[in-house]
Amino acid sequence: MDLNGLTWTKNVKPIDGEIWAYQNIDTIYPDLNIFALHWRNLKGRDENNARYPLEAELVILRQHGKVTHIVKLLNNQVYRDTNAKDEFNIYRIVQVVWMTDNWDHPPEKNKVFGYDIKFPPNGKAIKLENIHAFQERWNAEGLTFQQHVQKELNIH
C-alpha cells in the first residue's frame, strides 16, 4: 500500500460515553468504509484547520495515546453538521485506509511514530513536517516514516 500521502495526524475524541471514536464507523457507504471525520469548531475558529489537509492526503488518527486509524480525505469540502449538539459541528468525508483490528490494545503512538512525541492536546490536524522533533527524527533516518508505519502496522 502506498503511504506517500501520509503527512498529517489528528487527535480524535469519542463522544456519548464511547471508549473509542470511530470504532463502529457509521458509514455513509458501508462497503467502502467512508465516514464523517469531525472537527471541533468553537466560534468558527477551527474551520480553516479542517480545510488544510487536501484531497487524497492521509491522516493518522490518534486517541488515548494510541493510533487507531489511517484515513484518506476524499475531497476538499468542509461540511457543517446541522444536527451537532456540541462544538464538533464541521467534518470532512474520509475513507479508512487502515484501522486497528485489536481495540483492546491498539498500537502505541510512540511505536508508530518511532519515538516519544508530544502533540498539542487539541483536535486540530497537524502537518508532520511542521513538528520540529518529527523532522529531526525522520530526516536523519535512511528508512522513511511511511515505510516505518507500514512495518509497525503490518500494512501490505
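Taken together, the values in this text are just the output of simple stated rules run on the coordinates, not laboratory data. Everything quoted here is computed from the prediction, not taken from an experiment. So basically every Cβ, Gly included, is an ideal-geometry build from the backbone, and we count neighbours across all protein chains shown.
Looking at (1) farther than 24 Å from ILE155 by Cα; (2) of a type outside the set (Phe, Trp, Tyr); (3) under 13 Å from the mean Cα position of the chain (by Cα), which one does ARG51 not meet, given that it meets all the others?
(3)
Kindly list, by first and then second residue, each pair from a residue in the stretch 40-59 that is farther than 18 Å from LEU128 by Cβ to a residue that is among the basic types (Lys, Arg) and surrounded by 15 or more Cβ atoms within 10 Å (Cβ to Cβ), limited to pairs with Cβ atoms under 8 Å and residues at least 6 apart or on different chains.
Once the first residue is farther than 18 Å from LEU128 by Cβ and sits in the stretch 40-59, its partners that are among the basic types (Lys, Arg) and surrounded by 15 or more Cβ atoms within 10 Å (Cβ to Cβ) give ASP46/ARG40; ASP46/LYS124.
If we keep just the residues of the stretch 19-37 that are without any contact (Cβ under 8 Å) to a residue 60 or more places away in the chain and in a strand (DSSP E or B), which is surrounded by the fewest Cβ atoms within 10 Å (Cβ to Cβ)?
TYR29
Quick check on my filter: what residues within the stretch 1-13 are surrounded by 17 or more Cβ atoms within 10 Å (Cβ to Cβ) and either touching a helix residue (DSSP H, G or I) at 6+ places or on another chain (Cβ under 6 Å) or among the acidic types (Asp, Glu) (or both)?
Matches in the stretch 1-13: LEU3, LEU6, THR7.
Picking from ASP46, ASP16, which residue would you name as being of a type outside the set (A, V, I, L, M), surrounded by 12 or more Cβ atoms within 10 Å (Cβ to Cβ) and more than 13 Å from the chain's Cα centre (by Cα)?
Criteria check complete, one pass: ASP46.
Can you name every one of the helices (runs of 4 or more DSSP H) wholly within the stretch 101-156 that holds 3 or more residues which are under 17 Å from LEU61 (Cα atoms)?
Where helices (runs of 4 or more DSSP H) fall fully within the stretch 101-156 and carry at least 3 residues being under 17 Å from LEU61 (Cα atoms), they are 109-113, 145-152.
List pairs: first residue in the stretch 119-135 and free of Cβ contacts under 8 Å to residues at least 60 places away in the same chain, second residue surrounded by 12 or more Cβ atoms within 10 Å (Cβ to Cβ) and in a loop (DSSP other than H, G, I, E, B) anywhere in the structure, Cβ distance under 7 angstrom, at least six positions apart or on different chains.
ALA133/ILE117; PHE134/ILE117
Can you find even one residue in the stretch 56-78 that is within 21 Å of ILE15 (Cα to Cα), part of a helix (DSSP H, G or I) and in contact with a strand residue (DSSP E or B) (Cβ under 9 Å, 6 or more places away or on another chain)?
Checking the stretch 56-78: not a single residue is within 21 Å of ILE15 (Cα to Cα), part of a helix (DSSP H, G or I) and in contact with a strand residue (DSSP E or B) (Cβ under 9 Å, 6 or more places away or on another chain).
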